[in-house]
Amino acid sequence: MKIGHYTVDVHPTKAHADVRGVGGQPWFALRLFASLDTATGYDESYGGIDLESVQEDGALVVTATARSTVWESRVTTTRFLADRIETQTTVTGKGRLTETHLLGGRRTPRGFLPSGSHLRQAYSPNPDHPTRVLRDPLEPATIGVCGEGGEPGIERWLFSPAPWCFAAALDDQWLGLSVVAPIAAQTFTSYQYLPVTGGFSLRLDYEGHTVVEGTFNTPTLVVHLGSESPEAVLTRHRELLDAHSVVPARTTPAADWWSGTIFCGWGAQSALGARTDQAPQPLATQANYDHFLGTLADQGIVPETVVIDDKWQSSYATCRPDPTKWQDLKGWIAQRHATGQRVLLWWKAWDEEGAPVEACITDAAGGPVGLDADAPACVELITDAVEYMLSADGLDADGFKVDFTARTPSGSSLRHSGARWGAALLHEQLRLVYDSAKRVKPTRWSSHILRTRPSST
């Protein structure tokens, strides 16, 4: 069947669809089923997979009903549209999701079956190489909220997460592999592109923290066609999020000072530490920042915004100034305000230092490993810290530099309070910071610096 600029030929026995360009050039052999593994075992299809194909307004809709070893039912619906292919799987039953495999899955007695493809190049918006973003299509890639760059073999700390969208070159076009879901459904820690010789599959890692009792729908996977470049693929990805109403409208106007000159003290701390054989964190002192700003002023540079970096506070979670470093941080900020400058305080996401255990995600031994934004004690802790840092009764700072989002906790044995995990739990932590800040300073507050970096701590 011809659809837009490609053709589709469904193979009922093997449950895949051959997708070719209108000139007959092979593109894909897309698997029409998925596997949603659970803590109790692999999700394997067995016996026949029943396919039903229906034409709707020039599109082809294929429904694949499979017998599953762990679910009462599993149905995958794939829509072949003129400019894209959409697929989603629905399961019923009970289980704790560990991994969800898309465009591929397990089928006895053949084992794991990926989709076939003729990709020429691949692209990840979460770079894990210092000099390139394009890669061979046989090189795997990961987008996720876990990527601490201080660990050997893990270099994907820059974005946490990047847009949930891989890109790949096919013939003379670029296509996107977009995960489209509201934030509440993003309870996974990573999205994996898993190539093999002549094919690939995709995987979402839930780590056993998403509990299904009844019906569960996977995020929609959209294979969108016809882009001119990887950057155009990402633009199309954002348009899909808007079209599916899974992201809020962008209505907040940017303040002029957000794009003004910014001095972040981390580089100066690191340079001073290198010269004096010290770690940068102990050098976040009032005396040093006075020296840093004085050095800039001698060169005629007066930054509009000053970022006080790691570690100005006594404890990361409570955010009170270390009195041995800052004798009068509130007064220092007031001096900056008097000269027309603004001050952002470095805030470390997830870090449990100084937090009560009831505010934390815990490991198998009950030890705290990170803040749990679903825990009432954590909500109280973060709210208090934000109010203290921003309010006139506290430090009266102007906002934050948010860091270490890539230290999102990961592990099936970890324990936490609510249903959120992965990206959804990170989002909840940042939402709590944002909403608390806007309540304290509705017109002045900004979170315009949001990034992660590897740490020496």
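The values are calculated or read from the model by the stated rules, or taken from the named source; none is laboratory data. This is a predicted model, so every value here is computed, not measured. Counting neighbours? That spans all protein chains shown, and the Cβs are built from the backbone with ideal geometry, glycine included. Note: accessible area is taken over every heavy atom of the protein model, side chains too, but ligands, DNA and RNA are not part of it. Shrake-Rupley method; radii C 1.70, N 1.55, O 1.52, S 1.80 Å.
Counting only residues that are open to solvent by 20 Å² or more (accessible area, probe 1.4 Å) and over 30 Å from Gly23 (Cα atoms), how many does the stretch 164-204 have?
Going through the stretch 164-204 one residue at a time, the tally reaches 7.
Looking only at the stretch 43-62, which residues are of a type in the set (Ser, Thr, Tyr) and more than 18 Å from Ala82 (Cα to Cα)? Quick ask: steps written out before the conclusion?
Filtering the stretch 43-62 for residues of a type in the set (Ser, Thr, Tyr) gives 45-46, 53.
Across the stretch 43-62, the qualifying residues are Ser45, Tyr46.
Starting from residues that are of a type in the set (Gly, Ala, Ser) and part of a strand (DSSP E or B), keep the ones in the stretch 65-94 and report whichever is surrounded by the most Cβ atoms within 10 Å (Cβ to Cβ).
Residues of the stretch 65-94 that are of a type in the set (Gly, Ala, Ser), as a first pass: 66, 68, 73, 82, 93.
If we keep only those that are part of a strand (DSSP E or B) too, we end up with 66, 68, 73, 93.
Working: Ala66: 27, Ser68: 24, Ser73: 13, Gly93: 17.
Here the residue is Ala66.
Give me the residue from the stretch 264-284 that is free of Cβ contacts under 8 Å to residues at least 24 places away in the same chain and of a type in the set (A, V, I, L, M) and, out of that set, most open to solvent (accessible area, probe 1.4 Å). Spell out how you get there, then give the answer.
From the stretch 264-284, those free of Cβ contacts under 8 Å to residues at least 24 places away in the same chain are 267, 270-278, 283; that's our starting set.
Checking which are of a type in the set (A, V, I, L, M) leaves us with 271-272, 274, 283.
Values: Ala271: 43, Leu272: 34, Ala274: 84, Leu283: 12 Å².
By that ranking, first place goes to Ala274.
Look at the stretch 133-153 and say how many of its residues are open to solvent by less than 50 Å² (accessible area, probe 1.4 Å), among the β-branched types (Val, Ile, Thr) and within 25 Å of Gln121 (Cβ to Cβ).
Residues in the stretch 133-153 being open to solvent by less than 50 Å² (accessible area, probe 1.4 Å), among the β-branched types (Val, Ile, Thr) and within 25 Å of Gln121 (Cβ to Cβ): 2 in total.
Every residue in the stretch 264-284 that is of a type in the set (S, T, N, Q), assigned to a loop (DSSP other than H, G, I, E, B) and within 28 Å of the chain's Cα centre (by Cα), please. Lay out the reasoning, then the answer.
Going through the stretch 264-284, the residues of a type in the set (S, T, N, Q) turn out to be 269-270, 276, 278, 281.
Still in the list and also assigned to a loop (DSSP other than H, G, I, E, B): 278.
Passing the criteria: none in range.
Would it be correct to say that Thr261 is under 29 Å from the mean Cα position of the chain (by Cα) and either on the phi > 0 side of the Ramachandran plot or open to solvent by less than 20 Å² (accessible area, probe 1.4 Å) (or both)? Walk me through it before giving the result.
Working: under 29 Å from the mean Cα position of the chain (by Cα): yes; either on the phi > 0 side of the Ramachandran plot or open to solvent by less than 20 Å² (accessible area, probe 1.4 Å) (or both): no.
The answer is no for Thr261.
Give the residues of the stretch 285-302 that are of a type in the set (S, T, N, Q) and either surrounded by 16 or more Cβ atoms within 10 Å (Cβ to Cβ) or not in a loop (DSSP other than H, G, I, E, B) (or both), sorted by residue number. Let's see the steps before the verdict.
So in the stretch 285-302, the residues of a type in the set (S, T, N, Q) come out as 285-286, 288, 295, 299.
Once the filter is applied, which keeps residues that are of a type in the set (S, T, N, Q) and either surrounded by 16 or more Cβ atoms within 10 Å (Cβ to Cβ) or not in a loop (DSSP other than H, G, I, E, B) (or both), the stretch 285-302 yields Thr285, Gln286, Asn288, Thr295.
Counting just the residues of the stretch 368-387 that are over 22 Å from the mean Cα position of the chain (by Cα) and buried (at least 18 other Cβ atoms within 10 Å of the Cβ), which one comes out farthest from Asp309 (Cα to Cα)? If you could, list the steps in order and put the result at the bottom.
Restricting attention to the stretch 368-387, the residues satisfying the condition of being over 22 Å from the mean Cα position of the chain (by Cα) are 368, 376-377, 380-381, 383-387.
From the residues that got through so far, the ones that are buried (at least 18 other Cβ atoms within 10 Å of the Cβ) too are 368, 381, 385-386.
Values: Pro368: 24, Leu381: 21, Ala385: 16, Val386: 16 Å.
Taking the candidates together, the pick is Pro368.
Which numbered condition trips up Thr108, out of (1) open to solvent by 50 Å² or more (accessible area, probe 1.4 Å); (2) under 30 Å from Gln173 (Cβ atoms); (3) modelled with pLDDT of 95 or more; (4) hydroxyl-bearing (Ser, Thr, Tyr)?
Among (1) open to solvent by 50 Å² or more (accessible area, probe 1.4 Å); (2) under 30 Å from Gln173 (Cβ atoms); (3) modelled with pLDDT of 95 or more; (4) hydroxyl-bearing (Ser, Thr, Tyr), Thr108 violates only (2).
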